[in-house]
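A short worksheet on the structure shown next.
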Amino acid sequence: MCRQRIERTSPRFVVRAKNLITRWNAQPLAKQFLTAGGIVATVAMLVVGAFVTSLIEEAVTRNSAATTALYVDSVIAPLLPDMQTTEVLDDTVSRALDETLGQGALGNRLLAFRLWRADGTILYANEEAMVGKQFELSPELQAAFDGQVGAQFKPVDELDDETERAASKPLLEIYNPVLQPWSGQVVAVSEFHEIAHDFELSLHRARLLTWLAVAGFTLAFFIVLSAIVMRGGRTIEKQRLALKQRIDELSALLSQNETLRGRLQQASQRTTALNEQMLRRIGADLHDGPAQLLAYASLRLDSDAVMNPLVPTEKREREIASIKASLDEAMHEIRTLCNGLVLPQIETASLPEILERCIHAHKQRTGSAVDLSLSRPPDRLSPSAKICIYRFVQEALNNAYRHGGGVGQRVVQSIDGDRIRIEVADGGPGFDPNKVTPTSLGLAGLRERIESLGGTFELNAAAPGTVVRMSLGIEEIAQI
C-alpha cells in the first residue's frame with residue numbers, strides 16, 4: 001500500500017518539477033539572475049555578517065576584558081601576599097581587598113569578585129559565604145590557570161546566577177590569571193563580574209555598524225552586478241528580437257523564393273510549350289498562306305500559257321499577271337507575319353510613345369479606330385516591361401478586332417498606388433473564357449509574360465464588350 005502511494009506520488013512530483021524547470025527556463029535571463037542572485041546575495045550576507053559579527057564581538061570582548069583585567073590586577077596585586085606559600089588570606093588582606101574593591105570607580109563597576117586557588121578553593125570573595133568553599137573548576141577557570149585571560153559577555157536575559165539575575169544588569173565575566181612576579185607562574189585566578197552597560201552599548205553599535213557595512217557592500221555589489229546583467233539582458237533581448245525578425249524575414253524570403261521558383265519552373269515549362277505552339281502556328285500560317293500562293297505561282301510558271309510560244313500574247317500576259325498577283329499576295333502575307341514578329345525600336349521610347357506606336361500599327365493593319373487615354377505615365381521602365389506592355393496591347397487589340405469587330409476599341413493607362421495599370425477594351429459581343437481552347441496562344445501567352453514579371457492579368461469577357469487588364473509594380477519593373 002505504501003509502495004503504491006509512493007509510485008503514484010513520484011510521477012506527480014517529477015511532472016511538477018519539470019513544469020517548474022520549464023517555467024524557470026522561460027523567464028528572461030535578467031529575471032533569473034535577479035531571483036537567484038538575490039537569494040544567494042541574501043544568504044551570503046547573512047553568513048558573512050554573522051561570521052564577521054562574531055569575530056568583532058569576540059575581539060571587542062577580549063580587548064575589553066584584557067583592559068579591565070589589567071586595571072584590576074594593577075589595583076589588587078600589591079595587596080596580595082606570596083600566593084605560592086599562602087593558602088588562606090588573613091583578615092588584614094581581606095579587609096584591604098574589601099576596602100579597595102568596594103569603593104571608588106572600581107567598586108561601582110564590579111558586581112562580584114572571587115580569588116581562586118588551583119584546587120578550586122575560593123580564597124576571597126565579596127560574598128563572605130563563598131570564602132573557603134571548594135568547587136570543581138569550570139573550563140574558563142582551567143583556561144585561566146593555563147595562563148589565558150578569559151571573558152564572557154552575558155546580557156540580562158542570559159544571566160544564570162541568582163545574584164546576577166537580582167542585579168538585572170548586563171555583565172562581563174572576566175577570568176584573569178594572577179602571576180608570581182619573579183617567576184611568571186600562575187598562582188591564582190581572579191574572577192570578577194563587571195557591570196557592562198557601556199560595553200553592551202559599544203557591542204550593539206559594533207554589531208549594527210558591522211551589519212550595515214556588510215549589507216551595504218552586498219547591496220552595492222548586487223546592484224552593480226544587476227545593472228550589468230540587466231544591461232546585458234537588454235542587449236541580448238534586442239539582439240534576440242533582431243535575430244528573430246531577421247529569421248522571420250529570411251523565412252518569408254525563402255518562402256517567396258520557393259513560390260517564385262515553382263512559378264518560374266511552371267512558367268518555363270509553359271513557355272517552352274507556347275513557343276512550340278507558336279512555331280507550329282507560324283509554320284501553319286506560312287504553309288496555308290504564302291506557301292500555297294507560291295506553289296500556285298510555281299505551277300502556273302510551268303503551264304502551256306507561259307511556256308508554249310504559240311499561245312496568244314494576250315492569254316500569256318493574263319497568265320503572267322495572275323502569277324504576279326499570287327506572288328504579290330504571298331509577299332504581303334509574309335510582310336504581315338514579319339510585322340507581327342518584329343518589334344519597333346522601343347528600348348529608348350517612353351510609355352506614351354510605345355502605346356502610340358502600337359495603336360498606329362494596329363490602325364494601319366486593320367483600319368479600325370482606337371482611343372488612347374494616359375494618366376501620369378512613369379518616367380522609367382525596364383526593356384522587359386516595355387516589351388511586355390507592347391505585346392499585351394498588340395495581342396489584345398488583335399483579339400478585339402478579330403472577335404469584337406473593332407467596335408469601341410480603347411486603351412487606358414492609369415496609376416494605382418505603386419502599380420501601373422494598362423487596360424484594353426472593346427464593345428464587341430464578348431465570349432465565354434471557359435470555351436477557349438488550350439491551343440489558343442494569345443491569352444495564355446499574355447498571362448505567362450505578365451506573371452513572369454511579377455504582374456497580374458485580369459480578363460472580363462461579359463457582354464457587352466471585353467476588358468483585358470494588366471498591372472505591374474513600378475519599383476519592381478524599373479529594376480528588372
Exercise. For residues in the range 115-173 being at pLDDT 80 or above and of a type in the set (S, T, N, Q), which is surrounded by the fewest Cβ atoms within 10 Å (Cβ to Cβ)?
Worked result: Gln134
Seminar exercise, completed: Here the qualifying pairs (Cβ atoms under 6 Å; residues six or more apart or on different chains; first in the range 121-135 and touching a residue at least 12 places away in the same chain (Cβ under 8 Å); second part of a strand (DSSP E or B) and surrounded by fewer than 12 Cβ atoms within 10 Å (Cβ to Cβ)) come out as Thr121/Gln134
Problem set entry | Residue check, Val229 open to solvent by 20 Å² or more (accessible area, probe 1.4 Å), in contact (Cβ under 8 Å) with a residue 60 or more places away in the chain and either at positive phi or β-branched (Val, Ile, Thr) (or both) | yes
Problem set entry | Test for Ser54: is it open to solvent by less than 60 Å² (accessible area, probe 1.4 Å), in contact with a helix residue (DSSP H, G or I) (Cβ under 6 Å, 6 or more places away or on another chain) and modelled with pLDDT of 65 or more | no
Problem set entry | Flag if Arg109 is of a type in the set (Lys, Arg) and modelled with pLDDT of 75 or more | no
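Could you check the range 408-433 and list, in sequence order, the residues that are more than 19 Å from Arg391 (Cβ to Cβ) and either in contact (Cβ under 8 Å) with a residue 40 or more places away in the chain or surrounded by fewer than 20 Cβ atoms within 10 Å (Cβ to Cβ) (or both)? If you could, list the steps in order and put the result at the bottom.
Initial filter on the range 408-433 (more than 19 Å from Arg391 (Cβ to Cβ)): 408, 414-418, 427-433.
Hits for the range 408-433 are Gly408, Ser414, Ile415, Asp416, Gly417, Asp418, Gly427, Pro429, Gly430, Phe431, Asp432, Pro433.
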For this session: Considering (1) in contact with a Lys or Arg (Cβ under 9 Å, 6 or more places away or on another chain); (2) at pLDDT 80 or above, say which one Val40 fails and leave the rest.
Result: (1)
For this session: For Arg469, state whether it is over 20 Å from Gln266 (Cβ atoms), surrounded by 13 or more Cβ atoms within 10 Å (Cβ to Cβ) and modelled with pLDDT of 90 or more.
Result: yes
Exercise. What residue, among those in the range 374-402 that are of a type in the set (Lys, Arg) and under 14 Å from Ile420 (Cα atoms), is least open to solvent (accessible area, probe 1.4 Å)?
Worked result: Lys386
For this session: List every residue pair whose Cβ atoms sit under 9 Å apart, with the two residues 6 or more apart in sequence or on different chains, where the first one lies in the range 162-180 and is basic (Lys, Arg) and the second, anywhere, is part of a loop (DSSP other than H, G, I, E, B) and modelled with pLDDT of 65 or more.
Result: Lys169/Ala196
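The values are calculated or read from the model by the stated rules, or taken from the named source; none is laboratory data. Being a predicted model, the structure only gives us computed values, none of them experimental. Positions of Cβ are backbone-derived with ideal geometry, glycine not excepted, and every protein chain shown enters the neighbour counts. Surface areas here come from the heavy atoms of the whole protein model, side chains and all, with no ligands, DNA or RNA. Shrake-Rupley method; radii C 1.70, N 1.55, O 1.52, S 1.80 Å.
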